[in-house]
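For reference, the structure is listed below as structure tokens.
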Amino acid sequence: MNILVINPGSTSTKMAVYQDEKPILLRNITHTADELAHFDAITEQQDFRRQLVLDELQRSDIPLAFDAVIGRGGLVKPISGGVYEINRRMVEDTLHGCVMHNHACNLGCLIAYEIAGEINTASANGMSSSTLCRAFIADPGVVDELSPLARISGSPLMPRIAIWHALNQRAIARRFARGIGKEYEDLNLIICHLGGGISVAAHEHGRAIDANNALDGEGPFSPERAGSLPAADLIRLCFSGRYTEKQLLKRIAGQAGLTAHLGTNNMREVLQRIAQGDEQAHLIVDAMLYHTAKQIAAEGAVLCGQVDAVLLTGGMAHNDYIVSELRRRIAYLAPVYVFPGENEMEALALNALAVLQGKREAKVYE
């Protein structure tokens, strides 16, 4: 099976071509600030990024003939986990205001749907011998399988929602389960993704019954996110006249966390500063890990202490100090295993392959 994978991010578009489980092309196409400055809205970047993907395929002598195109899922309305066939409703929701946030990941389904449509049109017109090309997304960040208790906050005006690293967390969970000869659905896991945002979820027998909103301001702070904040102080700041709504939203996600405290979201730079004796940097990083460990421990209560393993993943999981500090605080919960990096491209490809091989059913977005 030939599968094209598309993963748009804020400053790059990752793409890959897989033949079954094997990657035959991996590319990270970067976009400069000047290139993106021409677009008022992220969805306006669709044609620009799509053409870059097609150009890269042409340069690599890979024909536009795929069994599936799978894109990173966008922040549409909350849905259960799994693989979804992209349909017009998903496209319309992405384009016309049903998305929860204006994020580059929303381009994933749009570009995948368009490229699959081009392949199918060429095949119908006799210009290609390709079979039907299907378009998918898998486990977008708005996967919502929260328990009824988890949804309730202290105000009925603001029920809890989850925005988390569902794709990578579920892929890591399945990988861990295979490694110990079990199924994901057999296990209770706490998984922590350590990236620009930090998400922590309690996975109970194949469902993430609790997870923090790692984008909007809940849970630990991270290199770019504020995490949970004192609510009354935030309200007072909103009415202080010092900031616009747009500026304050940036103080929640983008210009928050390590970026606000230390002036950078680059963990390598921050860790180098610590190695050179920067006590403030050391304090802030230790505080981030303290709050992350506290969030992980809280999910132990969600699972009533019945935890088979704690899994650490994401870019920061490459660092020995970060892992050792977290392990020191959470090892009492369950054995801790580390899966550094994101693995999103492989996860997307394997999700598409599972559907193509009939091992998993594609869900319908409604």
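The values are calculated or read from the model by the stated rules, or taken from the named source; none is laboratory data. Keep in mind that this is a model prediction, so the values were computed, not measured. Every residue, glycine as well, gets a Cβ built from its backbone with ideal geometry; the counts of neighbours run over all protein chains shown. Surface areas here come from the heavy atoms of the whole protein model, side chains and all, with no ligands, DNA or RNA. Shrake-Rupley method; radii C 1.70, N 1.55, O 1.52, S 1.80 Å.
Entry remark, the stretch 311-357: residues being crowded, with 20+ Cβ neighbours inside 10 Å and polar (S, T, N, Q) number 2 in total.
Going by the conditions given, is Asp144 open to solvent by 70 Å² or more (accessible area, probe 1.4 Å) and either more than 12 Å from the chain's Cα centre (by Cα) or farther than 26 Å from Gly74 by Cβ (or both)? So Asp144 fails the test.
Scan the stretch 347-366 for residues that are of a type in the set (Gly, Ala, Ser) and in a loop (DSSP other than H, G, I, E, B) and the total you get is 2. Filter the stretch 244-274 for residues that are surrounded by fewer than 17 Cβ atoms within 10 Å (Cβ to Cβ) and under 15 Å from Met316 (Cβ atoms); which is farthest from the chain's Cα centre (by Cα)? Residue satisfying both the conditions and the ranking: Gln272. For the stretch 78-85, the criterion of being over 23 Å from His193 (Cβ atoms), not in a loop (DSSP other than H, G, I, E, B) and not small (Gly, Ala, Ser) is met by at least one residue. Among Gly217, Gly196, Gly257, which is touching a Phe, Trp or Tyr at 6+ places or on another chain (Cβ under 6 Å), in contact (Cβ under 8 Å) with a residue 12 or more places away in the chain and not hydroxyl-bearing (Ser, Thr, Tyr)? After ruling out the rest, the residue left standing is Gly257. What do you reckon, is Gly341 without any contact (Cβ under 8 Å) to a residue 12 or more places away in the chain and more than 29 Å from Ile152 (Cβ to Cβ)? Spelling it out, it is not the case that Gly341 is without any contact (Cβ under 8 Å) to a residue 12 or more places away in the chain and more than 29 Å from Ile152 (Cβ to Cβ).
Determine if the stretch 100-110 includes at least one residue that is in a loop (DSSP other than H, G, I, E, B), open to solvent by less than 30 Å² (accessible area, probe 1.4 Å) and among the small types (Gly, Ala, Ser). Taking every residue of the stretch 100-110 in turn, none turns out to be in a loop (DSSP other than H, G, I, E, B), open to solvent by less than 30 Å² (accessible area, probe 1.4 Å) and among the small types (Gly, Ala, Ser).
For the stretch 261-271, a residue qualifies if it is in contact with an Asp or Glu (Cβ under 9 Å, 6 or more places away or on another chain) and in a helix (DSSP H, G or I), and the qualifying residues are Leu262, Val270. For first residues located in the stretch 306-319 and farther than 14 Å from Leu289 by Cα and without any contact (Cβ under 8 Å) to a residue 24 or more places away in the chain, partners that are open to solvent by 10 Å² or more (accessible area, probe 1.4 Å) and in a strand (DSSP E or B) and lie 6+ apart or on another chain with Cβ distances below 6 Å form the pairs His318/Pro340. Scan the stretch 292-302 and tell me whether some residue there is surrounded by 15 or more Cβ atoms within 10 Å (Cβ to Cβ), in a loop (DSSP other than H, G, I, E, B) and not polar (S, T, N, Q). No, every residue in the stretch 292-302 fails to be surrounded by 15 or more Cβ atoms within 10 Å (Cβ to Cβ), in a loop (DSSP other than H, G, I, E, B) and not polar (S, T, N, Q).
The single condition among (1) touching a helix residue (DSSP H, G or I) at 6+ places or on another chain (Cβ under 6 Å); (2) modelled with pLDDT of 95 or more; (3) small (Gly, Ala, Ser) that Ser128 does not meet is (2). Residue pairs whose Cβ atoms lie under 7 Å apart, separated by 6 or more positions or on different chains, with the first residue in the stretch 159-172 and part of a helix (DSSP H, G or I) and the second open to solvent by 30 Å² or more (accessible area, probe 1.4 Å) and of a type in the set (A, V, I, L, M, F, W, C), are Ile172/Phe339. The condition (being in a loop (DSSP other than H, G, I, E, B), at positive phi, at pLDDT 95 or above and open to solvent by less than 30 Å² (accessible area, probe 1.4 Å)) is satisfied by just one residue among Gly241, Gly227, Gly277: Gly227.
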